[in-house]
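Written out below as structure tokens is the structure these notes cover.
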Amino acid sequence: MNSIDVRDLTKVHGGKRAVDGLTFSVRPGKVTGFLGPNGSGKSTTLRLLLGLDRPTRGTATIAGTPYAALDDPLRRVGAHLDPQSAHGSRTARNHLLSLAVSNRLPARRVDEVLSRTGLASVARRRVRTFSLGMRQRLGIAAALLGDPAVVVLDEPANGLDPEGIIWIRELMRHLAGEGRTVLVSSHLMTETAGFADHLIVLGGGRLLADAPLGELLAGGAPRTRVRTDHPARLAELLAAAGHRMVRAQEDGWTVEGVEAARVGALAADGGVALLSLADEQPSLEEAYLALTADSAEYTALADPRQEA
């Protein structure tokens, strides 16, 4: 099985544990999102996985083998970590062709991945003329060049326009649908919720969560969205039961920490008609912030002018 397996992975830099005893697995057939605040250890973990750094302790393997020991690694693992890695004086096609030749891949694969990433029309332009989004596409083309069973992408949506974001989302889901192992590091919560099946969340170099997306979202406190023509009366009923109703940003009201069935029962007992009532699932951003609240390297202070 072409899984990624990390076991007790630890990396110490200058006395600080950048990665601290990480253990997790990434399985084929799904897109796994890799999340964490700045300084959480995501980049270090990816570097250790791809043999760009050595662990202080533990292992990171692909199909049971360290990356450095893989035969034909480009055919086994496709990785994109840095959109600026391609030489600016080369054309996009020549950049990919040099990778193909050095890895004994047929030249036709260059044209195939250029087409798949939408770069066929600019294949003979020099990389230095590319926008960040075009460089991202080129890096992804390089990652797909060897038709690998394992794909590792670091912030692939950075610099992409809306069409490009839709494209990368569909590409990742398609790759997973083909049975590949797909690990994607991202800081874009909305986008991650749109493509990830499973999430691994780091904080302070440690594992905070390793769960399916739905399970992580369902683990938050219940919340109810309600609309009524009698909000003052409903607020009184909820307050008497120990609940607080607050105005929602979009429409209606929200009640934290209580399910819709309970709100509905209180409204019915008090004779308050409701226009709508629904359980509301926390967003990925809310779940992520709750998990990483104690692990953020940089936290902004509240504006004193906004304090009461």
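Could you give every pair whose Cβ atoms fall below 8 Å, whose first residue belongs to the stretch 236-256 and is at pLDDT below 90, and whose second residue is part of a loop (DSSP other than H, G, I, E, B) and small (Gly, Ala, Ser), counting only separations of at least 6 or pairs across chains?
Thr254/Ala248; Glu256/Ala221
Within the bounds of the stretch 84-99, is there any residue that is surrounded by 14 or more Cβ atoms within 10 Å (Cβ to Cβ), within 28 Å of the chain's Cα centre (by Cα), of a type in the set (Val, Ile, Thr) and at pLDDT 95 or above?
No, that holds for no residue.
Among the candidates Gly58, Gly33, which residue alone is in contact (Cβ under 8 Å) with a residue 40 or more places away in the chain, under 15 Å from Leu153 (Cβ atoms) and assigned to a strand (DSSP E or B)? Spell out the reasoning first.
Values: Gly58 fails: under 15 Å from Leu153 (Cβ atoms).
Being in contact (Cβ under 8 Å) with a residue 40 or more places away in the chain, under 15 Å from Leu153 (Cβ atoms) and assigned to a strand (DSSP E or B) holds for just one of Gly58, Gly33, which is Gly33.
Just wondering, is there one or more residues in the stretch 184-195 that are over 13 Å from the mean Cα position of the chain (by Cα) and of a type in the set (S, T, N, Q)? Before the answer, list the steps.
If we filter the stretch 184-195 for residues that are over 13 Å from the mean Cα position of the chain (by Cα), which is where we start, we get none.
No, there is no match, as no residue in the stretch 184-195 is over 13 Å from the mean Cα position of the chain (by Cα) and of a type in the set (S, T, N, Q).
Per-residue answers, yes or no, for (1) under 29 Å from Thr45 (Cβ atoms); (2) assigned to a helix (DSSP H, G or I):
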| residue | (1), (2) |
| --- | --- |
| Ala86 | yes, no |
| Arg93 | no, yes |
| Ser121 | no, yes |
| Ile140 | yes, yes |
| Pro148 | yes, no |
| Ile165 | yes, yes |
| Glu170 | yes, yes |
| Gly179 | yes, no |
| Leu183 | yes, no |
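Of everything in the stretch 214-264, what is under 15 Å from Ala278 (Cα atoms) and acidic (Asp, Glu)? Give them in sequence order.
Glu250, Asp251, Glu256, Glu259
Which residue is surrounded by the most Cβ atoms within 10 Å (Cβ to Cβ), if the candidates are limited to the stretch 36-51 and must be in contact (Cβ under 8 Å) with a residue 24 or more places away in the chain and assigned to a loop (DSSP other than H, G, I, E, B)?
Gly36
Rundown of residues vs (1) in contact (Cβ under 8 Å) with a residue 60 or more places away in the chain; (2) not charged (D, E, K, R), yes/no style:
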{"residue": "Pro66", "(1), (2)": "no, yes"}
{"residue": "Arg75", "(1), (2)": "yes, no"}
{"residue": "Gln84", "(1), (2)": "no, yes"}
{"residue": "Ala92", "(1), (2)": "no, yes"}
{"residue": "Ser102", "(1), (2)": "no, yes"}
{"residue": "Leu119", "(1), (2)": "no, yes"}
{"residue": "Leu132", "(1), (2)": "no, yes"}
{"residue": "Leu144", "(1), (2)": "yes, yes"}
{"residue": "Pro156", "(1), (2)": "yes, yes"}
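Take the stretch 258-288 and flag every residue that is part of a loop (DSSP other than H, G, I, E, B) and in contact (Cβ under 8 Å) with a residue 60 or more places away in the chain. Break it down into steps so the answer makes sense when it comes.
We begin by selecting, within the stretch 258-288, every residue part of a loop (DSSP other than H, G, I, E, B); these are 258-259, 270-275, 280-283.
Selection gives Gln281, Pro282, Ser283.
Can you find, within the stretch 185-215, the residue that is farthest from Lys42 (Cα to Cα) among those that are free of Cβ contacts under 8 Å to residues at least 24 places away in the same chain and in contact with a strand residue (DSSP E or B) (Cβ under 7 Å, 6 or more places away or on another chain)? Outline the logic, then answer.
First, pick out the residues of the stretch 185-215 that are free of Cβ contacts under 8 Å to residues at least 24 places away in the same chain: 211-212, 214-215.
Restricting the remaining residues to those that are in contact with a strand residue (DSSP E or B) (Cβ under 7 Å, 6 or more places away or on another chain) gives 211-212.
Working: Ala211: 17, Pro212: 19 Å.
Restricting to residues being free of Cβ contacts under 8 Å to residues at least 24 places away in the same chain and in contact with a strand residue (DSSP E or B) (Cβ under 7 Å, 6 or more places away or on another chain), the top hit is Pro212.
Just to be sure, is Ala141 small (Gly, Ala, Ser) and either surrounded by fewer than 18 Cβ atoms within 10 Å (Cβ to Cβ) or in contact with a Gly (Cβ under 7 Å, 6 or more places away or on another chain) (or both)?
Judged against the criteria, Ala141 is not a match.
The values are calculated or read from the model by the stated rules, or taken from the named source; none is laboratory data. These figures come from a predicted structure and were not determined experimentally. Ideal geometry is used to build each Cβ from the backbone, glycine not excepted, and the neighbour counts take in all protein chains shown.
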